[in-house]
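Structure first, then comments.
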Amino acid sequence: MTDPDPLAVWRRYAGPCVLLDGFHALKHALRFGAEVPVAVTADRTAALALADELAPDVRGVLDGLLTEVTREAYASLVPRPHPTAVAALAVRPPRETGLRALAHTPRRSPVVVLDQPRNLGNAGAVIRLAAGFGVTGVVTTGTLDPWHPTVVRGGAGLHFATAVERLEVAELPSGPLFALDPEGEDLRGLKLPDDALLAFGSERSGLSRELRARADHLVALPMRPQVSSYNLATSVAMTLYHWSAQGAHRACPDRRS
């Protein structure tokens, strides 16, 4: 029996699956249990050399998974070629699984809420941060799809390391909601509980009326006067660092690339 045509397999799965764009997205997805039915590369030798250097823990899986195709074939499968010339498709986790993880109590880590975000790259960067801090999940409200290929690319495949879902404000999981707002109380004087919802407004308009009404606490980040705002991912990073610094058990000792 001959091996199946990787491009035919790709076309079969492209609709329902999530694009993993680049070596690092594929590496992270595999580390966190993603089901990957097809993976291609324009340079198999270079991709496996990257695995030897940066991801020896999944090198064997990659060796059996990666199929080399021409550069033209590879470029036809992605919006723009990645420098590592690697692409794959992964099965998106069932929505029920994400909702169950978000609703499970007691929670040992917060849920990050992005209220009506607009920028796909910023959303991806937040998911990457959230995975690094080991949060329970990332929820978006509004129209942005948190599983959009650009968001997955920005998140480097780390959607599979945490729960990622889109919900209405009324559907948010239980827990005290701390919403970031310039008029709020200085974050440095607060203790953020492990079961907190940490909400961040959109890049331009801030918190929606619905989210503000749901908030239990308004919280402000320290900022020099006349500086307009921080980048969304920066705001999330500062807040999660403050939470993590409150307990040594929250440190993340795994320092794999």
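Can ALA233 be described as part of a helix (DSSP H, G or I), surrounded by fewer than 14 Cβ atoms within 10 Å (Cβ to Cβ), at negative phi and of a type in the set (A, V, I, L, M)?
no
Hey, can you tell me all the residues within the range 72-86 that are touching a Leu at 6+ places or on another chain (Cβ under 8 Å) and either closer than 26 Å to PHE133 by Cα or not aliphatic (A, V, I, L, M) (or both)?
Across the range 72-86, the qualifying residue is only THR84.
From the list GLY15, GLY64, pick out the single residue that is in a loop (DSSP other than H, G, I, E, B), surrounded by fewer than 18 Cβ atoms within 10 Å (Cβ to Cβ) and not hydroxyl-bearing (Ser, Thr, Tyr).
Going through GLY15, GLY64 in turn, the sole match is GLY15.
Restricting to the range 215-230, and then to whatever is open to solvent by less than 70 Å² (accessible area, probe 1.4 Å) and not in a loop (DSSP other than H, G, I, E, B), can you tell me which residue is modelled with the lowest pLDDT?
Top of the filtered list is ALA220.
Within the bounds of the range 227-234, is there any residue that is aromatic (Phe, Trp, Tyr), within 17 Å of the chain's Cα centre (by Cα) and under 19 Å from ARG128 (Cα atoms)?
no
Hey, among the residues in the range 117-149 that are touching a residue at least 40 places away in the same chain (Cβ under 8 Å) and more than 15 Å from ALA233 (Cα to Cα), which one's most open to solvent (accessible area, probe 1.4 Å)?
PRO149
Residue check: is LEU120 in contact with a helix residue (DSSP H, G or I) (Cβ under 7 Å, 6 or more places away or on another chain), farther than 30 Å from ALA42 by Cβ and among the aliphatic types (A, V, I, L, M)?
no
For the range 96-116, how many residues meet the condition of being in a helix (DSSP H, G or I), surrounded by 17 or more Cβ atoms within 10 Å (Cβ to Cβ) and not hydrophobic (A, V, I, L, M, F, W, C)?
1
Name the residue that is farthest from the chain's Cα centre (by Cα), counting only residues in the range 18-47 that are surrounded by fewer than 17 Cβ atoms within 10 Å (Cβ to Cβ) and not acidic (Asp, Glu).
Among them, the one singled out is THR45.
Among the residues of the range 181-214 satisfying the criterion of being under 18 Å from ASN122 (Cα atoms) and among the hydrophobic types (A, V, I, L, M, F, W, C), which is most open to solvent (accessible area, probe 1.4 Å)?
So the residue we want is LEU207.
More than 14 Å from THR162 (Cβ to Cβ) and in contact with a Leu (Cβ under 8 Å, 6 or more places away or on another chain) - does that describe any residue in the range 90-110?
Among the residues of the range 90-110, at least one is more than 14 Å from THR162 (Cβ to Cβ) and in contact with a Leu (Cβ under 8 Å, 6 or more places away or on another chain), which makes the answer yes.
Hey, does the range 28-45 have a residue that's assigned to a helix (DSSP H, G or I), over 24 Å from PHE133 (Cα atoms) and modelled with pLDDT of 95 or more?
The answer is yes; a qualifying residue exists.
Find the residue count for the range 182-197, including only residues that are in contact (Cβ under 8 Å) with a residue 60 or more places away in the chain and of a type in the set (Lys, Arg).
Count: 0.
Among what's in the range 167-180 and is in a loop (DSSP other than H, G, I, E, B) and of a type in the set (A, V, I, L, M, F, W, C), pick the residue that is surrounded by the most Cβ atoms within 10 Å (Cβ to Cβ).
Restricting to residues being in a loop (DSSP other than H, G, I, E, B) and of a type in the set (A, V, I, L, M, F, W, C), the top hit is LEU172.
Test VAL164 against the stated conditions and say whether it is crowded, with 24+ Cβ neighbours inside 10 Å and of a type in the set (A, V, I, L, M).
Spelling it out, VAL164 is indeed crowded, with 24+ Cβ neighbours inside 10 Å and of a type in the set (A, V, I, L, M).
Select, from ALA196, ALA131, ALA163, the only residue that is more than 24 Å from GLY22 (Cβ to Cβ) and at pLDDT 95 or above.
Criteria check complete, one pass: ALA196.
Which one of these is touching a residue at least 40 places away in the same chain (Cβ under 8 Å), open to solvent by less than 40 Å² (accessible area, probe 1.4 Å), in a helix (DSSP H, G or I) and over 30 Å from LEU240 (Cα atoms): ALA88, ALA73?
Sole residue among the options that is touching a residue at least 40 places away in the same chain (Cβ under 8 Å), open to solvent by less than 40 Å² (accessible area, probe 1.4 Å), in a helix (DSSP H, G or I) and over 30 Å from LEU240 (Cα atoms): ALA73.
The values are calculated or read from the model by the stated rules, or taken from the named source; none is laboratory data. Keep in mind that this is a model prediction, so the values were computed, not measured. Cβ sites come from the backbone with ideal geometry, for glycine too, and all protein chains shown count toward neighbours. Calculation scope for accessible area: heavy atoms of the full protein, side chains included, ligands and nucleic acids excluded. Shrake-Rupley method; radii C 1.70, N 1.55, O 1.52, S 1.80 Å.
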